[in-house]
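A.B. asks: My questions will all concern the structure given below.
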Amino acid sequence: MYEVLRFIEHGAHCRQSMDCIRGIPLIRYLRENPRLEKSVFFNWVRRLAVCVDQYHRSRSRQEYCYLNPYSIIVSEEGNLMLLDLEAPGNAFVIKQMQKRAVRSHFVRPVCEMGTEKNRKADLFAYGKTIQFILAYAEISPEITRREEIRFSRIISRCIGESGRRYEDISQVFKEIPVLKERRKTLLGKRGKRLAAGTCACVGLCTALIPVRSILSEQSSQTAEENSLDHQDSEIETVSAGQREMTEEDLQKIVDIVRKIELAAVRTLAGAYKKLDMQEEASAAYERLVEIEDTPGKIEEAGINQMMTEAELGDYKQAAEAGEKVLDKIKHSEKISELIKEYELKKTSKDEKSP
């Protein structure tokens with residue numbers, strides 16, 4: 001039995017309470033269960049960030065300070081909870097946390113401590129804990145290359161190895177990748193394109209309203225004319241006229257929807273880039289390459305897609321994206337230079353890989 005912290009949300013506020021549960025420290029759980037389901041790992045990464053954020057909000061931004069695999073309890077239901085450090089009954093666990101090996105890995109070095117940096121002690125420990133789970137557990141199915149890059153970036157920003165550091169644990173939430181279902185993964189690039197163009201569907205539904213109105217009006221006209229005259233020749237003339245008008249109106253609507261999609265995907269691409277959602281941004285730029293109507297805009301979208309893929313470390317995909325753009329616009333010095341650069345980086349990266 002372990003005494004743990006529970007948190008009760010009240011709108012923007014959070015209140016702390018205590019509970020006693022059956023569970024096991026995270027470090028012992030991983031020793032006994034080295035094989036970890038991928039969905040469980042993704043859930044733990046988010047759940048742990050939520051627990052730390054709730055602790056901070058319930059304690060007026062005070063740090064937990066002892067976040068590590070000993071102070072994280074896995075309940076019988078598989079949920080992660082923080083150990084109550086003030087409970088006398090948990091003294092035997094807290095003693096384990098005083099070991100040099102634990103402190104040297106999960107506590108920010110003394111030389112980096114200070115009034116400002118000490119407020120980020122939990123961020124440091126959070127990043128180190130995620131790093132520990134990734135190193136210790138055998139995650140099944142395996143984490144993809146892109147997911148690995150995302151988690152590496154989260155860890156780097158938590159422990160201070162990246163120039164762009166987190167200021168608060170709440171910033172971690174938007175960085176945690178979402179586990180995609182197998183069915184969606186099998187859709188591949190087509191699925192990504194559909195996701196990037198979702199906004200256009202709203203415009204499509206709105207734009208189709210005039211079509212329904214036009215067809216309804218035409219149906220009424222047909223009924224009226226048929227009631228006045230039943231001669232076959234006149235019916236054929238009216239039907240032919242209706243088909244011509246419908247096709248013209250539908251073509252106008254198609255043109256409108258294309259413009260709506262183009263504007264929507266451009267907006268999405270820019271927003272994803274600013275939010276550092278690199279995978280989504282790449283998908284949006286890929287769609288722009290397909291639907292932009294001028295060589296200059298196609299080239300711009302292609303360059304953005306290539307650079308985004310390169311930031312994700314996928315130089316092969318970056319080079320392939322450039323080749324697709326060249327197939328459309330035939331010539332671009334900038335894209336040709338980027339293709340050569342990324343092919344060299346891919347070769348260098350492959351040579352360094354074991």
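None of the figures in this text is laboratory data; all of them are computed from the coordinates on show. Since we're looking at a predicted model, the values are computed, not measured. Neighbour counts run over all protein chains shown; Cβ positions are idealised from the backbone, glycine included.
A.B. asks: Counting other C-beta atoms within 10 Å, which of MET277, MET1 has the fewest, and how do the rest follow? Write out the running numbers ahead of the final one.
C.D. replies: Working: MET277 19, MET1 9.
Neighbour counts put them in this order, fewest first: MET1, MET277.
A.B. asks: Using a basic spin-label model with each label point 7 Å from the Cα along Cα→Cβ, how many nm lie between TYR136 and LEU326?
C.D. replies: If labels sit at TYR136 and LEU326, their model points lie 4.9 nm apart.
A.B. asks: While we're looking at this one, here's another question. DSSP loop GluC sites (Glu not before Pro) in region 1-81 with at most 13 other Cβ atoms within 10 Å of their Cβ, which ones?
C.D. replies: In loop regions of region 1-81 (DSSP not H, G, I, E or B), the sparsely surrounded GluC sites (Glu not before Pro) are GLU76, GLU77.
A.B. asks: Count charges around LEU85 for me, please; just the other residues with Cβ under 14 Å from its Cβ, Lys/Arg as +1, Asp/Glu as -1.
C.D. replies: Computed value for this residue: -3.
A.B. asks: Counting other C-beta atoms within 10 Å, which of ILE130, ILE298 has the fewest, and how do the rest follow? Write out the running numbers ahead of the final one.
C.D. replies: Details: ILE130 23, ILE298 20.
The order, fewest Cβ neighbours first, is ILE298, ILE130.
A.B. asks: Run the numbers for ILE21 and THR347: contour at 0.36 nm per residue of separation, minus the present Cα-Cα distance, in nm.
C.D. replies: 112.1 nm
A.B. asks: First select every other residue whose beta carbon is under 14 angstrom from the beta carbon of MET18; then total the charges, Lys and Arg +1, Asp and Glu -1.
C.D. replies: Once all neighbours under 14 Å are counted, the net charge is -1.
A.B. asks: Based on other C-beta atoms within 10 Å, arrange SER71, SER58 from fewest to most.
C.D. replies: SER58, SER71
A.B. asks: Another one. Just to confirm a number: summing +1 for Lys and Arg and -1 for Asp and Glu over residues other than GLN54 whose beta-carbon lies under 15 angstrom from that of GLN54, what do you get?
C.D. replies: Values: positive: ARG6, ARG15, ARG46, ARG47, ARG57, ARG59, ARG61; negative: GLU9, ASP19, ASP53, GLU63, ASP84, ASP122, ASP168.
That works out to 0.
A.B. asks: Grab the alpha carbons of region 2-179, take their convex hull, and tell me the volume per residue in Å³.
C.D. replies: Here the figure is 124 Å³ per residue.
A.B. asks: Then there is this: Non-local amide H neighbours of ASN68 (under 5 Å, H modeled in plane, Pro and chain starts lacking H): which ones?
C.D. replies: none
A.B. asks: While we're on this one: Can you figure out the FRET efficiency of MET1 with ILE94, using R₀ = 22 Å and their beta-carbon distance, to the nearest 0.05?
C.D. replies: Rounded to the nearest 0.05, the efficiency is 0.90.
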